[in-house]
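Engineer: Take this structure first; my questions come after.
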Amino acid sequence: MKPILVVDDDHQMRTALKEAISRVGFEAVLAGDGQDALQKLNHSSFSMIVTDMKMPKMDGLSLLKEIRRKIGHIPILVITGFGTIQDAVEVMKEGASDYLLKPFSFETLMSKIRFLMDRLHQERGLITGNPKMLRVVKFAEEVAPSDTSVLIYGESGTGKELLAGIIHKKSRRNNKPFMAINCAAIPDSLMESELFGHEKGAFTGATEKKIGKFEFANHGTILLDEIGEMSLNLQAKLLRVLQEREINRVGGNQAIPIDIRIIATTNRDLYKDSLEGNFREDLFYRLNVFPIHIPPLRERPDDISLLSHHFLKEFSRRLGKSLQGFTPQAMDLLMGRTWRGNIRELENTIHRSVHLCKGDLVDITDFMIEEAPVYEASSPGKIKELEKDMILKTLKEVNGNKTKAARILGVSVRTIRNKLHEYGNFFPIPPSEKPGGAVGNPSFR
């Protein structure tokens, strides 16, 4: 993987960003200003760029324009202070991939970088040799040039967001923002402000104006990930936005017109939910204009070997190893599993095996796979206890991070919250999950 170019005129910030990026396995190259960055770009290639907004000689907006003119498409994460919200809007309009407001935590920075790096992999093409999946990709490429709303169905971990990225890349909006919102990860109390923004003084704690995701993504594409987890109240407001093509910030009176393409994903049967009153029927038909169904990994076993070798190569490179492949026994084990967590579970399994492998080939002993225990006919109470133990154990392993636990268990964050409420057990909330976002690391102020 090519290194990440970090551009910031503050030495302490540059050093802190480099240390943070290196801690998660990516190499960082530093530039002290926009001109220095352009010189480095003339002589080297990079996977993405992280740049400050306010710098001497050349600011972030000017740098972005030069990069787009000379290089074209490369993921760019813009860092800005609270006083430069309008500048952040401008750079998003110029094609920045995402923005980050100071102050921010290490976790917030890493989630942004991982998201953009993952999307970079997605844009290089979906890895498959399976006829069913190739047909899915063909459908996505056919609908991409239009502005038709797309609803992508599939189990957790099948690559729904990846497919959404492909649709955006092949659309006429591909040089504009692609903003993803995880509807399951954001509490209802914060969701409206996250989507549509708010005015200063709109509610307690709204100390300044905030631009919402819809406004930032104007003229681009917005991905509503796991739309089935959105509350009915917010569904009604989203429906109005789709009908009127305009938004109102919370606490604001001025309607703001938007031109945006909607892609939504879900792991639920939204048609059934709409009939049962759990999802608005009118919103369902607004979103379900072009449905695409992604088959689970167990229905395309020929992709297991292909993906396993891809992940082996990727993690070997990241960890500085030169693994050559898998023993026949190891591959038999991989091919024989049902992979309920789909590609995400397979990726995690290969990642662990690369860490543990001491030879040239990954063997069965390098896998940390816990076979699901088989229980005789259990009472409902026993099943409830097993479910509780699994949820609490997973939360403990990820230091109470509900989003990570939900991803591992293949459920929504809302389900985790509801279960904890049922158990009367509340894990400490990580900084990144506290209302208002993470404010923490003094190195990133």
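Engineer: Just to be sure I understand: with springs between alpha-carbon atoms less than 10 Å apart, which residue in Ile21, Ile263, Ile127 has the highest mean-square fluctuation in the Gaussian network model of the chain?
Structural biologist: Among Ile21, Ile263, Ile127, the largest mean-square fluctuation in the Gaussian network model of the chain belongs to Ile127.
Engineer: I need the calculated FRET efficiency for the pair Thr415 and Tyr285, taking r as the beta carbon distance and R₀ as 25 Å, to the nearest 0.05. Spell out each step's value before the answer.
Structural biologist: Values: r = 26 Å, r/R0 = 1.04.
After rounding to 0.05, the efficiency reads 0.45.
Engineer: So what's the back-of-envelope 222 nm ellipticity for the chain, counting only DSSP H runs of four-plus at -39500 (n - 2.57) apiece and dividing by all residues, rounded to 500? Write out the running numbers ahead of the final one.
Structural biologist: Values: 18 runs with 201 residues, N = 445.
That calculation yields -13500 deg cm²/dmol at 222 nm.
Engineer: Return a whole-number percent for the relative contact order of the chain, with Cα pairs under 8 Å and 6 or more residues apart as the contact set. Present the calculation step by step, with values, prior to reporting the outcome.
Structural biologist: Working: 733 pairs, mean separation 68.0, N = 445.
Relative contact order for the chain comes out at 15 percent.
Engineer: Now, a different point. Once the Cα gyration tensor of segment 4-114 is found, what semi-axes does its equivalent ellipsoid get, as square roots of 5 times the eigenvalues, in whole Å, sorted largest first? List each step's numbers first, then the result.
Structural biologist: Details: eigenvalues 66, 57, 35 Å².
Semi-axis lengths for segment 4-114 are 18, 17, 13 Å.
Engineer: With no solvent and one point on each alpha carbon, what is the Debye value of log10 I(q)/I(0) for segment 245-333 at q = 0.13, 0.14, 0.19 Å⁻¹?
Structural biologist: Relative scattering, expressed as log10 I(q)/I(0), comes to -0.76, -0.79, -0.97.
Engineer: Hey, if you drop one equal point scatterer on each alpha-carbon of segment 125-295 and run the Debye formula without solvent, what base-10 log of I(q)/I(0) do you get at q = 0.08, 0.10, 0.13, 0.14 Å⁻¹?
Structural biologist: Rounded to two decimals, the profile gives -0.24, -0.38, -0.63, -0.73.
Engineer: Measure off 7 Å from each Cα along the Cα-to-Cβ vector at Lys170 and His310, then give the distance between these two points in nanometres to one decimal.
Structural biologist: Modelled inter-label distance: 1.5 nm.
Engineer: Cα-Cα over 22 Å: which of Lys102/Lys210; Lys209/Lys237; Lys213/Lys272; Lys40/Lys93; Lys138/Lys169; Lys138/Lys272?
Structural biologist: Details: Lys102/Lys210 13 Å; Lys209/Lys237 20 Å; Lys213/Lys272 29 Å; Lys40/Lys93 25 Å; Lys138/Lys169 14 Å; Lys138/Lys272 27 Å.
In this structure, Lys213/Lys272; Lys40/Lys93; Lys138/Lys272 lie more than 22 Å apart at Cα.
Engineer: Compute the whole-percent fraction of alpha carbon pairs in segment 119-224 spaced more than 25 Å apart. Intermediate values should be presented prior to the final figure.
Structural biologist: Details: 1724 of 5565 pairs.
Every Cα pair in segment 119-224 considered, those over 25 Å come to 31 percent.
Engineer: Using alpha carbon centroids, what distance separates segment 269-286 and segment 1-80, in Å?
Structural biologist: So the two Cα centres are separated by 44 Å.
A short reminder: the numbers here are calculations on the coordinates, not readings from a lab. Since the model is a prediction, treat every value here as computed from it, not as a measurement. Ideal geometry is used to build each Cβ from the backbone, glycine not excepted, and the neighbour counts take in all protein chains shown.
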